[in-house]
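The values are calculated or read from the model by the stated rules, or taken from the named source; none is laboratory data. Bear in mind the structure is a predicted one, so any value in this text is a computation, not a measurement. Quick reminder, even Gly has a Cβ in these numbers, built from the backbone with ideal geometry, and neighbours come from all protein chains shown. Please note that ligands, DNA and RNA were not included when accessible areas were found on the heavy atoms of the full protein model with its side chains. Shrake-Rupley method; radii C 1.70, N 1.55, O 1.52, S 1.80 Å.
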Amino acid sequence: MLTLRQLTVLRAVCETGSFTAAARRLYLTQSAVSHTIRELEQSAGTVLFDRYAKRVEPTPQGRLLLEEAMPILAACEALESRLPHLEQRAPVHIVSSITIAALHLPHALRRFEQYLPAVPVRVRVVSAGEATTTLREGRADLALLEGARPQGPFVCRPFSRYALKLVCAPGHPLAGRVLDPGELCEQPLLLREPGSAVREALDSELLRLGYTADPVWESVNSAALLEAARAGLGIAVLPQGMLDGELCTGRLAQVEVRGLSLQNEMFAVWHRDKRLSPALETLLGLL
C-alpha cells in the first residue's frame, strides 16, 4: 500500500537529486531512502529514477508520480499545521430546554463568540427526556436543563435559577388579587405541557398542597400561552424573565397565590465520562 512516507521520500529525492542529500533532509539513512525508492518502483512496476555516478534524475514515470503526489503532500502538511488548533475549531454541540434557550443561552453565546470566535456552536432545543438520551448516546457535548435533575451517568452543575409567576390580562377579574390554591385550580389555567420543567414545578407544588391543576390550554410554546393570557383567556404560569416587560408596561397583571412558591433551578449537564474541552469550560464559566 502506498504510504505518505514513500511520497515524502520521492519528493525529497526529486528535489535534491541525491539519495544521500534526501536522507540528510529527512533524517534517515541512505539505505532507508534507497529501500523506500525500490519499494515504490516495485509497486509501480517501473523505474522511477535514472541512477548516474553523482546524481539521480526522475524518469518520466517518476515525474508523473511526483506530480500526482504533490497535492497529497501539500494537503497533509496543511492538515499538520492545523493539528495544534483542532480543539479551538471543533464544534460544540448543545441541547437546551426551551426556557433556557429563550432567556439565557443567546446572551451567553454572544459572549462566548467574543472569547472564541473560531469555535462553531450547534444548538438543538429539545425536551428534557430527549436531551438526556442525546447525552447518553454521545450526540451532544452539553445539555442545559431546568427543574428536576436527570437520573443516569451525568454530572450536573447548577448555574442559576428563575421564579415562575402567575399572570392574566389587566382586565381579568382576578388581576392583582391574592388567591387560595383551591381558588386557583378552579380558574381557567394556561399551562405548559406535562413533563416540561415549568409544568412539573407547578404540579409538584399543588400536589404538596393537596390540589391538582386541570388546564384549559396546554402548549409546548410559552409565547402562545403569553398571548392567550393577554387575550383574557385565563391565568398563565410562565418564567419571570418572559414577564418583566409585560408586567412593567401593564400588558399583564400578576396573580398571587397563598403558600405557592414556584421556581426552577437551571443546570448544565454532561456525561460523567466526557472530558470537558477548554471551549466547554469557557461556556460553563459564561453561563
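Quick notes
- For D180, the criteria (1) of a type in the set (D, E, K, R); (2) touching a residue at least 60 places away in the same chain (Cβ under 8 Å); (3) buried (at least 20 other Cβ atoms within 10 Å of the Cβ) hold in every case but one, which is (3).
- Qualifying positions in the range 12-46 - open to solvent by 40 Å² or more (accessible area, probe 1.4 Å) and either touching a His at 6+ places or on another chain (Cβ under 6 Å) or closer than 18 Å to L73 by Cβ (or both): E15, T16, R25, L26, Y27, L28, E39, S43, A44
- Failed item in (1) open to solvent by 40 Å² or more (accessible area, probe 1.4 Å); (2) over 24 Å from A143 (Cβ atoms), with V220 passing the rest: (2)
- The range 1-11 - residue that is of a type in the set (A, V, I, L, M) and surrounded by 13 or more Cβ atoms within 10 Å (Cβ to Cβ) and, of those, nearest to L79 (Cα to Cα): L7
- The listed residue being open to solvent by less than 80 Å² (accessible area, probe 1.4 Å) and more than 22 Å from K274 (Cβ to Cβ), out of A78, A128, A118, A140: A78
- The range 51-75, residues that are at pLDDT 90 or above, out of contact with any Ser or Thr (no Cβ under 7 Å at 6 or more places or on another chain) and open to solvent by less than 80 Å² (accessible area, probe 1.4 Å): E57, P58, T59, G62, L65, L66, A69, M70
- Residues within the range 262-286 that are in a loop (DSSP other than H, G, I, E, B) and either open to solvent by 70 Å² or more (accessible area, probe 1.4 Å) or under 30 Å from P91 (Cα atoms) (or both), tallied: 6
- Looking at the range 95-169, the helices (runs of 4 or more DSSP H) lying wholly inside it that each contain 3 or more residues that are closer than 30 Å to L233 by Cβ sit at 98-103, 128-136.
- Condition broken by G259, with the remaining ones in (1) of a type in the set (G, A, S); (2) crowded, with 17+ Cβ neighbours inside 10 Å; (3) touching a Leu at 6+ places or on another chain (Cβ under 8 Å) satisfied: (2)
- Residues satisfying the stated conditions in the range 230-251, i.e. out of contact with any Pro (no Cβ under 6 Å at 6 or more places or on another chain), open to solvent by less than 30 Å² (accessible area, probe 1.4 Å) and over 25 Å from S160 (Cα atoms): I235
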